[in-house]
Each structure stands twice: as C-alpha cells, then as structure tokens.
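Laboratory data are not the source of any read-out in this text; all were calculated from the coordinates shown. Note that the coordinates shown come from a computational prediction; the quantities given were computed from them, not determined experimentally. Positions of Cβ are backbone-derived with ideal geometry, glycine not excepted, and every protein chain shown enters the neighbour counts.
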Amino acid sequence: MTNESEQSFAVVIIGGGPAGMSAAMGFLEGRVKALLIDRQAQLGGQLADIPSPIVNLAGAAVNNGEELRVAMQSSLERAAQFAWADEKRPLLTLRNNCHVLNLAAFEDFISVETINAQGIKSSVRADFLIFAGGYRVRQLEAPTAHLANFWQYHTDNLAGQSDLSASSLAVVGGGDSALLKAISLAPKVKDLHLIHRGKNFTARPDLITKIAQLPNCRTYCGSKIAELIGAGKLERIKLDGGEEIAVSAVIVKVGYEPNTELLEGLVKLNEKRHVIVDHALKSSHDRIYAAGDIINEEHARISTAVGNGMKAAGSIMQRIYHSRSETSERS
Ligand SMILES: Cc1cc2nc3c(=O)[nH]c(=O)nc-3n(C[C@H](O)[C@H](O)[C@H](O)COP(=O)(O)OP(=O)(O)OC[C@H]3O[C@@H](n4cnc5c(N)ncnc54)[C@H](O)[C@@H]3O)c2cc1C
C-alpha cells in the first residue's frame, strides 16, 4: 500500500471498515486501481469498539474486535503485496485521517472532496464510488444547552477515573449495548442507574436477567433525563418524572445510525437513512455503490459487511472489464 497522492482513480472507496477493506481486497484481486479513504487514523471502523469475543464470524476465533481489525488489516496488506509483486506498481492507495467533506455526482464520474488532519483540502475524481461509511453511535441532545459540557457522551474510557468504586453513574439506553455496558460497569462502581425511555428493555433476555440480579443497579424504564445539574461538573440528573439522582457521569448507549449525510440528495435513502441498493449493490446513481451497515438495516454484521464489500467490488469490476473489452473490440 502507498500513501501517495493521486487525482484520478477507477474507484474510490469511502470507509475503511470491514466493508471497505473487503472491497479494497476485491479490487486488488481484480488488479483495479482504487483509493481507500477513512477519517480515522486506522482501518477497521467499529471493530476496535468491540470488547467481547466475536462468535458469529466464520474462520475468525477472536477475543475482541481489535484482534479481528489487526487480522483484517494484515490480510489487506498481504493482498496489496501480492498485487504489487505481479503488477510492479501500487494498485491501492490508502488515505487515513482523511475526512470526506463533499461528493458531487456526474454522469461520467464522481468528485470526492476531502480534508486531511493538517486541514489541507483536495479533490479526487473516480469512475465509480463505493460508499461504506458504516454506523456511528447515536447522540442524545443535551437537555440543557449550557450544561452540554457535563454531558459525558459515550465515555467508555471515563478519562482519569481508573478507580470508580466511589462513583455513581448513569447509563442511558435499553438495548444490548446499554445493558452490556451496565453489566460491565456495575462491579466497579458504587451505584449504577440504568435509564430507558421505553416501557421495557429491548436487549437480549439473558442480559435483562443479569441486570435484575445486580445488587447495585437500579432501573428506570419509561424515563428520560430532563436536566443535568452541577457546578463546574456533573453532580445530579433530573428525570422527566422529577426524581433527582446523584451521578458523576452519564454514559449514552442509545443505538446507532448510518453515516449517510454525504449521500443525501445524490442517491435514494430509506426512511431510516439507509441506502437503497439493487441486487448488484448499486444505488439509485449509476456510479455509486454502497456496502456494509449503511445498507443492512435489519442485520448489520461484520460478515454481511465483508460480503457486501466484495460484491460491490465485483459488480463494478464487471462493468470496468466490459467497457475495456468493448474499447479493445472497437480498436
Ligand atoms: C460494540 C459493538 C459490538 C459489535 N459486535 C459484533 C459482533 O459480535 N458480530 C458482528 O458481526 N458484528 C458486530 N458489530 C457490528 C460490526 O462491527 C459492524 O456491522 C461492522 O463494523 C460494519 O462494517 P462497515 O464497514 O459497514 O462499517 P464501519 O465498521 O462502521 O466502518 C465505516 C468506516 O467509514 C468511515 N467513514 C464514515 N464516514 C466517513 C467520511 N465522511 N470520511 C471518511 N471516512 C468515513 C468511518 O471512520 C469507519 O471507519 C458490533 C458493533 C459494535 C459497535
């Protein structure tokens, strides 16, 4: 792989998670020049956030997402080395720490505007685009704007607080992530308050059972945080029913949403802002394909993302090979 800068590519892949990495491997196998862009410093997307063993992926017995991330990255590097050895030129260009700011779609090409970590903007042109932007953690609006800095969004690291034994914390959410977070935190803290706006938790039954067995976890179904209270730091939260609870941090785990803003107005999205694709994973724009979580509203999984990436690459390569053979027949 190289980090060199080029202005024109057969394909640009946006998103270096499992879907984007798999697409890149497909293009390496097919010897097609591609640019892979990710705004994070490393490839892997959400994989680095998976703390537990992954048990639903064929061929990968890993203890956490980071192990899989490293394995996937080394597969990609290996594929790039094989392709380089054959072609004697780099086929995959990688840009990490590179944020896609804007996309413009034309009949014959896609223009991708990016900004890197140094604030330098550039624009590349692609014959085809695969968008594999994945999911991000959904945010709550801070109930009181001027207290927004108290709102400890998704503070999995709870910076500077390695000893939490005297702390009271709140976790917001009712799905698997929220309950898993509560179960992992409960043994480390004094009190845990699990707040969920729905009447019932939506998490797996075994997690609901475990929560009920935690001696220091109180649950509040049908409740929302109405106010954050404190002087200089978070001291209490007020629920919409009026009850006040002393907490030093609020951890929000209210699900995920697709990173599809860049595609708005360019391709058709469904009501939950997932990209609508056909059997070849082509969107409503002839040159834009999509893969991974952003098309898998019902089943956002690693294996689906990996399969999608390869499928989208295959669909594009068929078109590239077809147009090459038409050109050579004409000449
Ligand atoms: C806590 C947790 C546990 C999970 N456990 C499992 C499990 O056990 N098994 C399983 O199968 N799945 C699991 N998943 C889901 C799995 O991680 C996802 O389905 C998978 O990562 C989706 O891959 P993706 O490539 O579609 O998207 P992502 O992994 O989200 O990658 C998308 C990438 O696109 C980049 N990007 C987005 N927008 C831009 C932009 N504008 N410019 C540049 N880059 C951009 C992001 O930085 C990111 O790196 C879990 C997820 C989480 C969060």
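What the table below lists for this structure:
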item	result
Between region 302-331 and region 187-219, the Cα center-to-center distance that results, in Å	48 Å
The chain, helix-only ellipticity at 222 nm - DSSP H runs n ≥ 4, -39,500 (n - 2.57), divided by all residues, nearest 500	-8500 deg cm²/dmol
Fluctuation leader among GLY17, GLY119, GLY314 - the chain, Gaussian network, Cα springs under 10 angstrom	GLY119
Within a Gaussian network of the chain (alpha carbon springs, distance under 10 Å), most fluctuating of ALA290, ALA48, ALA166	ALA166
Range of Cα positions in region 162-304 per principal axis (Å), largest first	57, 35, 32
Lysines whose Cα lies under 20 Å from that of LYS199, excluding same-chain neighbours fewer than 8 positions away	LYS181, LYS210, LYS224, LYS238, LYS253
LEU57/GLU227 FRET efficiency (R0 56 Å; Cβ-Cβ; nearest 0.05)	0.85
Helix runs (DSSP H) in the chain reaching 15 Å along axis by Cα, Kyte-Doolittle at least -0.5	18-29, 65-87
DSSP bridge pairs, the chain: antiparallel proportion in percent, nearest 5	45 percent
GNM result for the chain, Cα springs below 10 Å: residue of LEU28, LEU101, LEU68 fluctuating most strongly	LEU101
Net dipole in debye of the chain [+1 Lys, Arg Cβ; -1 Asp, Glu Cβ; about Cα centre; nearest 20]	300 debye
Rounded Å value of the spacing that divides the Cα centres of region 269-290 and region 19-96	23 Å
Cα-derived Rg to Rh of the chain, Kirkwood definition	1.04
Gain on full stretching of the segment that runs from SER123 to GLU261 - 0.36 nm per residue minus C-alpha separation	47.8 nm
Nearest-0.05 FRET efficiency for SER8 and GLN139, computed from C-beta distance (R0 45 Å)	0.80
